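Peer 1: This is the structure I have questions about; it appears just below.
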Ligand code: HEM
């Protein structure tokens, strides 16, 4: 689509179909006090509203620097832009990456129940410079220049109140030749995602145990996962397909023919057709008790150039949304911990965040009910 509505009960960029380009930017909030944080949220709201709506930027007057970078020309197109704002645990209590800053905004007791610094899982290779953050922006659009224009506008208007900590650009593929886009291991990625009301019911926080302001938000996990693509390209197609449980060409489950065929694990209890340790079977065993552990993935490819050994520094910005970090992401991640795929991927960054509820109208702003 050319544009997505900015106002609503929930933020855009979660159930929104994946755009082609994205960036994930984590910030340290440098605002000194509650008033500074309120100012930051109001500015962020105004910029996101303008950028996602499009139109001519307001003139700042003679003698001022230009109101806009003009990277997108004088009339800013919405271009399918979504800006999704999330808070990290450290914004609430100063714990985690920054440590020891305490409850500087007086909001610790309103922290979403499950929000904590991302855990280090077995087989992770954590790089602190790529982890955590007080605030995360997920910016997605139809073209990469639109993403660049948006982050440049936002950092310009929020300078002094927050500072970039890490940033990674993402992209994804159109259907090739059809169906769901592929990741950099060559497999269609996103096939079995929940859709429609099933997705909405798994994603949005709706729990009286959570703080009132947090209802309608969503827990977001970002995992920066390097792919050892040179190594992967030496693996036989059979072995690759057994690792995922799907065909590489069509995306069909190994017991099916078409991408969206439903695998029948009960007909294959010993994993003769779809291995018991295949990624999709571990991630979602398709049993009644595990149904509420499903999550919504919204991942992109990244490319960071070359490493010191002359290999591609490339991989997967794994992103998922859910109501409950423990019931959904952590349970699934624990099941995947020693899957065969771990030899070909290397998680090194990311974090746990809480995507704020939506901005409902022209008078509302991000996190108004919290602040
Ligand atoms: C399914 C790739 C990491 C959870 C899949 C599929 C592929 C894939 C190709 C099958 C097609 C589909 O349904 O989308 C990858 C790659 C990863 C990765 C390349 C890392 C580099 C993860 C992580 C999690 C996860 C970290 C969560 C902890 C899932 C789930 C499914 C899935 C829930 C759907 C299973 C189903 O419902 O049948 N993944 N994945 N994946 N993956 Fe991953």
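Readers should treat all values here as calculations from the given coordinates under stated rules, not as data from a laboratory. Since the structure is predicted, the reported quantities are computational estimates derived from the model, not experimental observations. Positions of Cβ are backbone-derived with ideal geometry, glycine not excepted, and every protein chain shown enters the neighbour counts.
Peer 1: GNM on the chain, C-alpha springs below 10 Å: top fluctuator among 228, 296, 312?
Peer 2: 312
Peer 1: Name the residue, out of 285, 128, 65, whose mean-square fluctuation peaks in a Gaussian network model built on the chain with Cα pairs under 10 Å.
Peer 2: 65
Peer 1: Ok, one more. Using helices alone, what [θ] at 222 nm do you get for the chain, with -39,500 (n - 2.57) per DSSP H run of 4 or more residues, divided over all residues and rounded to the nearest 500?
Peer 2: Helix contribution divided over all residues of the chain: -5500 deg cm²/dmol.
Peer 1: Cα centroid distance between region 336-371 and region 18-37, in Å?
Peer 2: 12 Å
Peer 1: Next question. Take the alpha-carbon centre of region 274-322, take the same for region 166-180, and report the distance between them in whole Å.
Peer 2: About 14 Å separates the Cα centre of region 274-322 from the one of region 166-180.
Peer 1: Does region 162-205 classify as rounded, prolate or oblate by the C-alpha gyration tensor (a ≥ b ≥ c root eigenvalues; a/c under 1.5 gives rounded; else a/b over b/c gives prolate, otherwise oblate)?
Peer 2: Oblate is the answer for region 162-205, as a/c is 1.5 or above yet b/c matches or exceeds a/b.
Peer 1: Order by neighbour count: 294, 363, 156, fewest other Cβ atoms within 10 Å first, most last.
Peer 2: 363, 156, 294
Peer 1: Along the Cα-to-C-beta direction of residue 119, a point sits 7 Å from the Cα; which residues of region 324-367 have their amide N less than 16 Å from that point?
Peer 2: Under cut-off, by backbone N: 324-339, 351-353.
Peer 1: Sorted by average packing, counted as other Cβ atoms within 10 angstrom per residue and highest first, what order do 184-193, 118-127 take?
Peer 2: Going by the mean number of other Cβ atoms within 10 Å, highest first, we get 184-193, 118-127.
Peer 1: Something else about it: Given R₀ = 45 Å, what would the calculated FRET efficiency be for residue 127 paired with residue 257, taking r from the Cβ atoms and rounding to 0.05?
Peer 2: 0.60
Peer 1: Would you mind calculating the relative contact order of the chain from Cα pairs under 8 angstrom and at least 6 residues apart, reporting the percent as a whole number?
Peer 2: That works out to 26 percent.
Peer 1: Rounded to the nearest 0.05, what FRET efficiency do residue 59 and residue 361 have when you use their Cβ-Cβ distance and R0 = 41 Å?
Peer 2: 0.95
Peer 1: I would also like to ask the following. Which value, in Å³ per residue, describes the convex hull spanned by the Cα atoms of region 21-355?
Peer 2: With only Cα atoms used, region 21-355 gives 156 Å³ per residue.
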